[in-house]
Amino acid sequence: MKAVCWHGANDVRVETVPEPKILNPRDAILKVSSTTICGSDLHLYDGYIPSMQPGDILGHEFMGEIVEIGSEVKQLKKGDRVAVSSMIGCGHCFFCNQQMWSLCDNSNPNAWMQEKLFGFGTSGIYGYSHLFGGYAGGDAEYVRVPFADFGALKLPQDIPDEKLLPITDAFPTGYMGADLCDIQPGDIVAVWGCGPVGQFAMRSAYLLGAERVIGIDRFPYRLQMASDFAKAETINYEEVDAGEALKEMTGGRGPDACIDAVGMEAHGIGPEGFYDEVKQTVRLETDRPHVLRQMMLACRKGGTLSMMGVYAGFVDKIPMGAFMNKGLTLKTGQMHGQKSEVYAEIAGARFKGRSRSLPRVHASSTPSRSEARLRAVQAQTRQLRQGLTQTLI
Ligand SMILES: NC(=O)c1ccc[n+]([C@@H]2O[C@H](COP(=O)([O-])OP(=O)(O)OC[C@H]3O[C@@H](n4cnc5c(N)ncnc54)[C@H](O)[C@@H]3O)[C@@H](O)[C@H]2O)c1
Ligand SMILES: [Zn+2]
Ligand SMILES: [Zn+2]
């Protein structure tokens, strides 16, 4: 089969590789109908995520048709049309049971590598380095889907691929970014980065009750989309100082919550930009944390920072004094895509004009949330299935 393979920084090739096989009774094989590129793939392409090996198949946002199932797959059958969450969750461990799928204890065979770097191992991710499990990705004609009963979301047949594909990653990430902000009525939410994650974060922030949403980027077409698709006010940070502009737009108080939808390859301007470029190039820091720094300074006192942009290792010159003295809260994580169906249905309900105050499923703070509550949310949202299309258009 053909697949997109990584061979080094800025070196990606379409190659002929062996087709995947069922390795475990809970696997399925998916024939990929559509796949797309994530901002996270850029971190691999640019060579900043360690432990990639030449020939690794890329891609963690894909959907298609189930063509083979292992003997213990219970919920799927051949011919099912599914979208697959980029995070691989076993469905049974402490973390999966609490809907924190990207923290699964059982899906990363290379967790030992992460233990050295992160203290504990996280879940595996398709096509996203050996540190995250070494799984073949979905930028290919076929892909093996481990723990298929939990990772593959069944989809209706009558909605085109391009409207459903964001459910694999960009949509749940943006939604989680807004969800982590614990938005209260009247809140102003600022979102750095108007890529796919930022767009869904902005739209979700309104869904969850924000009064105003402000999108920050430098590309006019992305800012235009933030305005048209997400109904956000916008700041072009190359034209004005983003921190000053935010202060002015919020009556001098600063946004109540700030979402980082940019991550480790943030574009910096001025001496700070130069500083991080140099330090990252010579590997004295792994990530460029411009946005994180800006958020800490721009956020109102007592506000919340939600970091969905990916960071890989170590950062420098974080204004910890501002963070501590202003009483800020920082929440973050890889998204929990297995909850996409819930997210989409809740969002769909909003766009169908139903109540804003639907129950919310908190990804990051789930330990205290009971399974019963989650089941209640799922039961309620199941009644709102019709909303799926509106959310993703
Ligand atoms: N946490 C998760 O589970 C998860 C999932 C998907 C993606 N991500 C991460 O989210 C981030 C965004 O993903 P995407 O697909 O939207 O990427 P993208 O590359 O399409 O968008 C990033 C945007 O950030 C803008 N940007 C760069 N520097 C900026 C700055 N200083 N201020 C404001 N904007 C700036 C860029 O112009 C670009 O439009 C990436 O880091 C990606 O790895 C995380
Ligand atoms: Zn992604
Ligand atoms: Zn698990």
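The values are calculated or read from the model by the stated rules, or taken from the named source; none is laboratory data. Please read these numbers as outputs of a predicted model, since none were measured by experiment. Note that we place each Cβ from the backbone using ideal geometry, even for glycine, and neighbour counts take in every protein chain shown.
Would you mind finding the one in 30, 23, 58 that is within 16 Å of ligand 2 (Cβ to nearest atom) and not acidic (Asp, Glu)?
58
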Scanning region 75-95 for residues that are surrounded by 24 or more Cβ atoms within 10 Å (Cβ to Cβ) and within 18 Å of residue 132 (Cβ to Cβ) gives 84, 85, 86, 87, 88, 89
Looking only at region 205-223, count how many residues are in a helix (DSSP H, G or I) and under 23 Å from residue 41 (Cα atoms). 4
Those residues that are within 16 Å of ligand 1 (Cβ to nearest atom) and either under 14 Å from residue 132 (Cβ atoms) or surrounded by fewer than 21 Cβ atoms within 10 Å (Cβ to Cβ) (or both), I need them from region 100-112; list them, please. 101, 102, 103, 104, 107, 108
Residue 74 being assigned by TED's automatic domain parsing to the domain that holds residue 164 and under 19 Å from residue 157 (Cα atoms): no
What number goes with the only condition from (1) within 15 Å of residue 169 (Cβ to Cβ); (2) within 16 Å of ligand 3 (Cβ to nearest atom); (3) assigned to a loop (DSSP other than H, G, I, E, B) that residue 102 does not pass? (3)
Among all residue pairs at least 6 apart or on different chains, which show Cβ distances below 8 Å where the first residue, located in region 268-284, is outside any helix (DSSP H, G or I) and the second is of a type outside the set (Val, Ile, Thr) and buried (at least 16 other Cβ atoms within 10 Å of the Cβ)? 268/275; 268/276; 268/288; 268/290; 269/237
When region 74-99 is checked residue by residue, the ones that are in a loop (DSSP other than H, G, I, E, B) and either within 16 Å of ligand 2 (Cβ to nearest atom) or of a type outside the set (D, E, K, R) (or both) are 75, 76, 79, 85, 86, 89, 90, 91, 92, 93, 98, 99
